[in-house]
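Throughout, read-outs are computed from the coordinates displayed, never taken from laboratory work. Since the structure is predicted, the reported quantities are computational estimates derived from the model, not experimental observations. Positions of Cβ are backbone-derived with ideal geometry, glycine not excepted, and every protein chain shown enters the neighbour counts.
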Amino acid sequence: MGKNVLVTGGAGFIGSHLVDALVENNRVICIDNLSTGRKSNISHLLKHKNFKFIRHDVTKPLNIAGKIDRIFHLASPASPVDYRKNPIKTMMANSLGTYNMLELARKKKARFLLASTSEVYGDPKKHPQPEDYWGNVNPTGPRSCYDESKRFAEALTMSYHEKYGMGVRIARIFNTYGPRMRSNDGRAIPNFVTQALRGEDITVYGDGKQTRSFCYISDMVKGLIKLMESEYSGDVFNLGNPDERRIIDVAKKIKKITNSKSKIVFLPLPKDDPARRKPDIKKSKRFLKWEPKVNFDHGLKLTIEWFKDILKHKS
Ligand code: NAD
Ligand code: UDP
């Protein structure tokens, strides 16, 4: 029977899908303080014999009996709205939280994977962004609580690798979307889909010419597991879909697919909002033999179906 795997942030959007993929063949412990995640994301697993949920804040040390072979560390707010609401908690989850989870990995001799982010590239001057680009981050701006604490988490992870020879991997996750995102988490796709389905104004920030590249959740989960099980310790890999789109086009597409009568309105662009973002995934393709497979239209349809269902039950 597989491995003993611990997933922090396992009741969140990406974490809960990761747990779903792991739980059939492994024993999985999910650690979450339910700050931005939800119990409903894992409620279907609570009776599963391979699954255990522990409500715990990773900024506090964690002692767990028994063997742990793998730690996926995802616990951190991820949406700009969430991390701006709780900047200090965000910094602590990524600094103290990462420290506590690395210490646990050291004691248990477990392999450790850090969920980092494309935000470490800031508002990038290089396009698309390869792993060896050092980024362009404002250290005191509104996004700095997230960007800089993730950069710190990367540096800490590498320090444990160097000092103790620990098996670590860093995933730089680019924008990911799919079912189980919160309709109010403030990110572009859940906002646009919810607004379109409710007939509310679709809120595009700035002129909408800024770009993002969206990866469907099932592709991301496969990438995270491949990286964890790869031989590349002490290394960093971009995980994301290079299908780059302007935000205004994403809004229009969602309006069209949902057959919505919503108006697209333009609101001020938040400070330091990156102008362009697209992962260079040559390294992941070559070494992990991973690349995203789900195209944007299909991923959006699956996401919209899910939100339709959720909103129906809410009303
Ligand atoms: P999410 O908010 O849905 O999930 C984060 C989870 O971590 C939540 O369940 C939350 O309750 C939990 N958490 C937060 N602070 C905690 C703490 N101190 N102790 C215990 N649990 C805590 O967000 P997500 O989109 O699933 O993101 C998961 C990870 O992936 C994050 O580390 C994020 O930085 C990274 N990431 C996500 C994206 C994306 O597009 N979704 C992009 C880049 C990086
Ligand atoms: N965005 C938008 N309207 C919204 C939410 C987001 O135009 O209602 C824009 C946001 O300014 C950014 C892009 O969409 O340029 C992606 O935002 P998101 O919060 O999803 O992710 P991130 O900025 O972290 O990439």
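Quick notes on this structure:
- Rounded D (µm²/s) - the stretch 110-160, Kirkwood Rh over Cα pairs, Stokes-Einstein at 37 °C, 0.692 mPa s: 283
- Computed with the Debye formula from one identical point scatterer per Cα of the stretch 259-315, without solvent, the log10 of I(q)/I(0) at q = 0.21 Å⁻¹ comes to -1.02.
- Separation of the alpha carbons by more than 27 angstrom is noted, of 49/89; 126/255; 67/293; 150/271; 150/256; 52/308, for 49/89; 126/255; 67/293; 150/256; 52/308.
- The stretch 1-91: chymotrypsin sites (Phe, Trp or Tyr not before Pro) falling in loop per DSSP and having at most 16 other Cβ within 10 Å: none
- The stretch 57-135: Rg to Rh, with Rh as the Kirkwood radius over Cα pairs: 1.05
- For the chain, taking Cα atoms only, Rg and Dmax work out to 18.7, 58 Å respectively.
- A straight chain from residue 109 to residue 164 at 0.36 nm per residue would run longer than the Cα-Cα distance by 18.8 nm.
- Cross-link partners of residue 39 among aspartates and glutamates, defined as those whose alpha carbon lies under 17 angstrom from its own and excluding same-chain residues fewer than eight positions apart: 20, 57, 185.
- For the chain, the longest piece that avoids every one of the GluC sites (Glu not before Pro) found in DSSP loops with at most 12 other C-beta atoms within 10 Å covers 25-230.
- Per-residue HN-Hα couplings for the stretch 173-189 [Karplus 6.51, -1.76, 1.60; θ = phi - 60°; Hz; x = Gly/Pro]: 7, 9, 2, 10, 9, x, x, 5, 5, 6, 5, 10, 7, x, 7, 4, 5
- Only helices enter this figure: runs of n ≥ 4 DSSP H residues, each worth -39500 (n - 2.57), summed and divided by the residues of the chain, yield -11500 deg cm²/dmol at 222 nm to the nearest 500.
- The stretch 154-289: mean projected area of Cα convex hull, nm²: 9.4
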